[in-house]
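Take a look at the structure set out below.
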Amino acid sequence: MTYSYSHKVKGILCGVLISASQFAISQDIQTLNIDSCYAMARRNYPAIKQFALIEQSKEFTISNANKSYLPQVSVTAIGGFIGGLPSTSGETQTSDFQVIGVGQITQPIWDGGATRTQKDIASTVADVDEASVEVALYSLRQRVNQIYFGILLLDEQKKQLDTLRKNLNRTLSNVKLSMESGFAYQSDVDEVNAEVLRVEQNIIATRFTRSGYLEMLSHLTGQRLLESTVLQTPSTAQTQSLWVKGRPELNLYSSQQRLIEFQSNMNKVSNMPKLSLMGFATFIEPGISLGPSTISNVWVGGISLSWNTGNLYKTSNNRQLDKIQMARINNQQEVFTFNNTLEQKQSNSEIEKQKAIVSKDKEIVQLKEKITQSYRLKYKNGLASMSDLLTIIYKESESRNEKSLHEVQLLLALYNFNTISGN
């Protein structure tokens, strides 16, 4: 007789291919719940370091934008000859080699809103980057779900195997007594012994599989998890996670849309004139002779108004490019929402299916228990063989195992729905 539990759990245990080589060890964890696993996985994931780097980058960029209101100084030195200067006779002349120094200081007064817009862009770029990191971190939930509920399923499988071993050992004791009384054969004892050993093999396999899953969860959370670590089974009433509200992808799209709006504002700002206080001075050595007088320095102070019209030619195209970028992001959000709604419908259908299945499990187990009791009596009265009794015992154990499997699958379906919907 052969019996295997492995085919019952492939749906949950497949697809988890996370490396469990080296992981951070901080302390031994004895009891865990799924929300603490979410939080630890988030803190342990390398991408979490991006938040500090993004914040630092934003601060430096905004600081640079604020410095645009500091006085701007430029100094230029020129050595050469000055030609075309009038002489006292009315003829032009060329000077000897001269050194000319030009100095200018400008204090911006109004830049058309460029500084404010640059700071808005810097902050929004940081929001986009942070939202992208949140999307990556959110994907950890699905990994945690698969591993966490995989371990819960293995724990339930171990419980059912222990119960089956207990029932077989009880049967073995009864058969030995019957053999001593002459009502059973040694072959019956051997048959039960073989099945006890087979169950013990399955217990060993389950223990090693669970150990491997714990190593994967250790790697994911950055915590040292012992074989004695207990994972709490959440109830169906506690499926609202403490992670985040709403899918981070939606926040990413929103940040990208704001960024395009601020970039569009920068196109408008580029067309605005700039107002500044300006000081200008020149130094010429030797001075330039202009008849009875010599010029060696000139200075000018006042208000400067500048207007660069070069961007005006690009305004129309830039406006169209902004519209195209906004349309692309809107389309990406529309596609995500469409696919996400489809996933929610599929996940909700899975939940309803598992609920319907679970509702029948308890009744099935009760019936299997009655059948087993009946066959024990039949075997005792010589109306059933040991092989028949063992088959019935296995069927009872299988019904219990399926009940546990369906309960874990229901929990997994509920948590997958929360992950998909962003709750």
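Could you tell me which of the residues Thr337, Thr391, Thr341 is among the hydroxyl-bearing types (Ser, Thr, Tyr), modelled with pLDDT under 95 and within 30 Å of Leu172 (Cβ to Cβ)?
Thr391 is the lone residue from the list that is among the hydroxyl-bearing types (Ser, Thr, Tyr), modelled with pLDDT under 95 and within 30 Å of Leu172 (Cβ to Cβ).
Among residues belonging to the range 53-91 that are among the charged types (D, E, K, R) and under 60 Å from the mean Cα position of the chain (by Cα), point out the one that is modelled with the lowest pLDDT.
Lys67
What single numbered condition from (1) closer than 30 Å to Leu164 by Cβ; (2) touching an Asp or Glu at 6+ places or on another chain (Cβ under 7 Å) fails to hold for Phe336?
Phe336 satisfies every listed condition except (1).
List the pairs whose first member sits in the range 217-237 and is assigned to a helix (DSSP H, G or I), whose second member is surrounded by 15 or more Cβ atoms within 10 Å (Cβ to Cβ) and among the aromatic types (Phe, Trp, Tyr), and whose Cβ atoms are under 6 Å apart, counting only residues at least 6 apart or on separate chains?
Here the result reads Ser218/Phe23; His219/Phe23, each pair linking the range 217-237 to a residue that is surrounded by 15 or more Cβ atoms within 10 Å (Cβ to Cβ) and among the aromatic types (Phe, Trp, Tyr).
Determine if the range 358-374 includes at least one residue that is surrounded by 14 or more Cβ atoms within 10 Å (Cβ to Cβ) and without any contact (Cβ under 8 Å) to a residue 12 or more places away in the chain.
No, there is no match, as no residue in the range 358-374 is surrounded by 14 or more Cβ atoms within 10 Å (Cβ to Cβ) and without any contact (Cβ under 8 Å) to a residue 12 or more places away in the chain.
Of the residues that make up the range 5-17, is at least one out of contact with any helix residue (DSSP H, G or I) (no Cβ under 9 Å at 6 or more places or on another chain), modelled with pLDDT under 80 and among the aromatic types (Phe, Trp, Tyr)?
Among the residues of the range 5-17, not one is out of contact with any helix residue (DSSP H, G or I) (no Cβ under 9 Å at 6 or more places or on another chain), modelled with pLDDT under 80 and among the aromatic types (Phe, Trp, Tyr), which makes the answer no.
Here are the criteria: (1) in a helix (DSSP H, G or I); (2) over 24 Å from Leu154 (Cβ atoms). Tell me which single one Lys368 does not satisfy.
(2)
Go through the residues of the range 391-405 one by one and say whether even a single one is touching a helix residue (DSSP H, G or I) at 6+ places or on another chain (Cβ under 9 Å) and outside any helix (DSSP H, G or I).
So far as the range 391-405 goes, no, none of its residues is touching a helix residue (DSSP H, G or I) at 6+ places or on another chain (Cβ under 9 Å) and outside any helix (DSSP H, G or I).
With the requirement that a residue be free of Cβ contacts under 8 Å to residues at least 12 places away in the same chain and under 22 Å from Leu252 (Cβ atoms), what does the range 338-351 give you?
Phe338, Asn339, Thr341, Leu342 - these are the residues of the range 338-351 that are free of Cβ contacts under 8 Å to residues at least 12 places away in the same chain and under 22 Å from Leu252 (Cβ atoms).
The values are calculated or read from the model by the stated rules, or taken from the named source; none is laboratory data. All of these numbers come straight from a predicted model, not from anything done at the bench. Here the Cβ is made from the backbone with ideal geometry for all residues, glycine too, and neighbour counts use every protein chain on show.
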